């Protein structure tokens, strides 16, 4: 239970800061001569969320103070290996974003699919290669050819366009 | 209305591609719904970018078909391996898996397919008549009513999604705040974009919903990457014989009506839409003792109710712009991306699109039966595709889908950001549907709010000037009270059952 209350406390704290940020951020917006202006809606939202945050913070602190200190301090922790897998997955997408503009869609995607499948536990290299190539061709046909999405170009796309397939 | 529906059929059949899309959508939906961990919502989110170049009616047909297929597909792993693909399919698992254990998986899958198809068909008929009537009623709404309606939608969804009303309200507030990023809807002044050119138009909806509903789900699934896959047998679906069909038809009919009505109330969603018809079928059965031990009626009631509730949820989504749960919230986003404005005006400005989609839904219900019976024998293999191959492919689809809307790498980063947000919120039990709803309804709420106050010269009493507004305000307050009591009661039960819980 205390884990949920602590989570609520943290979220309410973040919202309180966010609300103050919105109030400050909108303070230099031009003032309207009419009843409502550019600032009105975000300001009302910030005031409502700020008020709600203060209520939750007060309530959470009161609950935590009444609670025995040793009760359910830690929630079920995630396995370290799972945390690493999640971090690697997120970093993988971030690297993809950074590389795709220069590497082009085809090469970056083949490498991405192959590396991720290998990392997630597929150890048969022929399977990794087939999976990555067939997967990228399918996505390319679906989005690049059917939906006509202009993908970032790299060496592979240039070769394809040279031989008249791009 | 009949004329419009016939025109809808004519429009549907005038595009041969439409029928292909129905088959493709139902097929994709069944596969995605059947794979434990994947959902129809994720399928719709990933398929959205594919609809950009299409006519709105074609795009919507694809998305609605994935939706219907996904709802049906969720029941298959429940019957075969006792692992429901979606929470709403848990009710059909109760008797479906018992039938499988008794060596009657073929019959269970056949009844499941027939009930899904019939439930979808009957529910679509109610949708056609119900939504037209509701849209007509809502045509007289002014900006004040639209603002209150948006607030009503947000409070209802915040009240009943997740474990706590308070958490839902926070998330709806976050969605509304995020919707204010970019150029303001009336004067065109940039807000909170911090000089970032790509944020000038605010957060693009597709990357946001791909992040919230697909990338976050992939990250959640990584946590069970090492869980061994349960192998399923290869089973053919067998259509029940005429005698069985006659015996289950009253149950299917009653469950479809009940499911549609429950689905049409924003919030309760498909879970109650399947369990309440199941409970009612058991209550009114001549052999209630057979329920839970392999009753065909149980599978029929749960599955007809489940599909009917999903389609029933389209009534408030299309007519009022208020989706009841995640899948319809994503569909609502799809409507807007295809250039349509959800709400009563949709039935005036784009009646041909609406009725073409209704016609497609009726065809899709028939196609569902056909495809469900054919695909059943392959499902045992499909639902056991290893996650180590599935998850990277889904991530690539998410990346490409986010990129495709504006050909922008920046949008992929936005999707990743929303994915991380969705994952973090999932870990601490905060709902994500209200964020999406806030993002969608935010601009409508703000422009209606400002227009109403401009009309009234700043007098806030305009929001209490009509009966509709007052009724909606009362309903919003009631939904908060009801939601608070409901979540408190669920939390108390969870606590007494020894589960970790908290109430607000």
- Using only Cα atoms, tell me the angle between helix B:409-427 and the longest principal axis of chain B; keep it within 0 to 90° and round to the nearest 10. 60 degrees
- Item | Label point distance in nm, residue B:137-residue A:145, each placed 7 Å from Cα along Cα→Cβ | 5.0 nm
- Counting alpha carbon pairs within less than 8 Å and at least 6 residues apart, what relative contact order, in whole percent, applies to region B:3-101? 29 percent
- Item | Shape category assigned to chain A from the gyration tensor of Cα positions, a/c cut at 1.5 | oblate
- Task: Compute the relative contact order of region B:393-488 as a whole-number percentage, counting only Cα pairs closer than 8 Å that sit 6 or more residues apart in sequence.
- Result: 9 percent
- Treat the count of other C-beta atoms within 10 Å as a stand-in for reagent exposure and order B:15, B:287, B:112 from fewest to most. B:287, B:15, B:112
- Task: Mind sorting A:22, B:366, B:433 by how few other Cβ atoms lie within 10 Å of their own Cβ, fewest first?
- Result: B:366, A:22, B:433
- Query: Where the centroid of each part is defined by its Cα atoms, how far is region B:56-79 from region B:275-331 in Å?
  - Reply: 15 Å
- Taking B:435, B:71 and counting other C-beta atoms within 10 Å, the order from fewest to most: B:435, B:71
- Task: Can you tell me the 0 to 90 degree angle between the C-alpha axis of helix B:56-73 and the longest principal axis of chain B, rounded to 10?
- Result: 40 degrees
- Query: Can you give the calculated 222 nm mean residue ellipticity of chain B, where each DSSP H run of n ≥ 4 adds -39,500 (n - 2.57) and the sum is split over every residue, rounded to the nearest 500 deg cm²/dmol?
  - Reply: -23500 deg cm²/dmol
- Message: To test your reading of the geometry: what angle, between 0 and 90 degrees and rounded to tens, separates the Cα axis of helix B:269-284 from the longest principal axis of chain B?
- Response: 40 degrees
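Throughout, read-outs are computed from the coordinates displayed, never taken from laboratory work. Note that the structure is predicted; figures quoted are calculated from it, not measured. Virtual Cβ from ideal backbone geometry, glycine too; neighbours counted across all protein chains shown.
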